[in-house]
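Below is one structure, written out as C-alpha cells; the observations come after it.
The values are calculated or read from the model by the stated rules, or taken from the named source; none is laboratory data. No experiment lies behind these values; they were computed from the predicted model shown. Surface areas here come from the heavy atoms of the whole protein model, side chains and all, with no ligands, DNA or RNA. Shrake-Rupley method; radii C 1.70, N 1.55, O 1.52, S 1.80 Å.
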Amino acid sequence: MSHHIELARWERSGSPADLPAAIGTRWAGDPRWRASEFPAGNTGSPILSRRVAEALKEDLSLAGTFLPVLIDGSDTGEYVLFLVESGVDCLDERRSSKPKRSGDPLKKAIFRPDAVPVELPAFRVPGSRRAAYWNGWAVDHLTQLLGDDLNTRLVWSDDPALTPHPDPWGF
C-alpha cells in the first residue's frame, strides 16, 4: 500500500493503526534548482528539512512526531514529515464554514479564543483533520529559519485589527 494512502487514511481516521511508518516521495523539478527546506506538500503533514526539524524539534514534538521521508525509495535523512497529531476541539462550529468534504480544510475557521491551544506549535480540529493549524509563535520561528521560502496566510485571529486571508488553503 502507498504511504500516501496510509497517511490520508490516518488523517481521516486518526487511528494509530492507519499511521504509516514512513512517507515515500521522489525528486521532482529541475535537479539544478536549490532544494527547499519546506517543500510544498500536504497542508496537514508538512515535510521539513533535517536542519529545520532539528532547530524546532523541542517545540514541534509537543504537537506531533517525525516520520522518515524516503526519497526514491531510500531514507537519505535529509527530510522528515512532521505529523501533527494533536487534535483540539477549539472550533466555533456555528461561525466557521463547513468543509466541502469530510475532513477537508475549512475555508473559514473561527476558533474559540479560550480553547485555542496556544502552547502547541500546531494542531488539528475535529472534522477538518487534513489541515494543520499553526500558532503564530511557531510561524514566527519557521519564518526566522526559512525567510521568503515560507508563504504564510493568516487563518484566524481574535485581534480585530488583523484580517484573515479570504482563501487560506487556496495555493
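At a probe radius of 1.4 angstrom, the accessible area of the chain per residue rounds to 57 square angstrom. Across the chain, the relative contact order, built from alpha-carbon pairs under 8 Å that are at least six residues apart, equals 19 percent. With both residues required to sit in the chain, DSSP beta bridges show an antiparallel share near 80%.
Taking a straight Cα-Cα cut-off under 30 Å and skipping sequence neighbours fewer than 8 places away in the same chain, the lysines within cross-link reach of residue 57 are 107, 108.
State the percentage of accessible surface on segment 104-171 attributable to carbon and sulfur atoms; use a 1.4 Å probe and exclude ligands, DNA and RNA.
Details: 1950 of 3680 Å².
It is 53 percent, rounded to a whole number.
Ellipsoid fit via the Cα gyration tensor, segment 1-69: semi-axes of 22, 18, 9 Å, each the root of five times an eigenvalue, largest first.
Calculated mean residue ellipticity, 222 nm, the chain: -6000 deg cm²/dmol, from DSSP H runs (n ≥ 4) at -39500 (n - 2.57) each, averaged per residue and rounded to 500.
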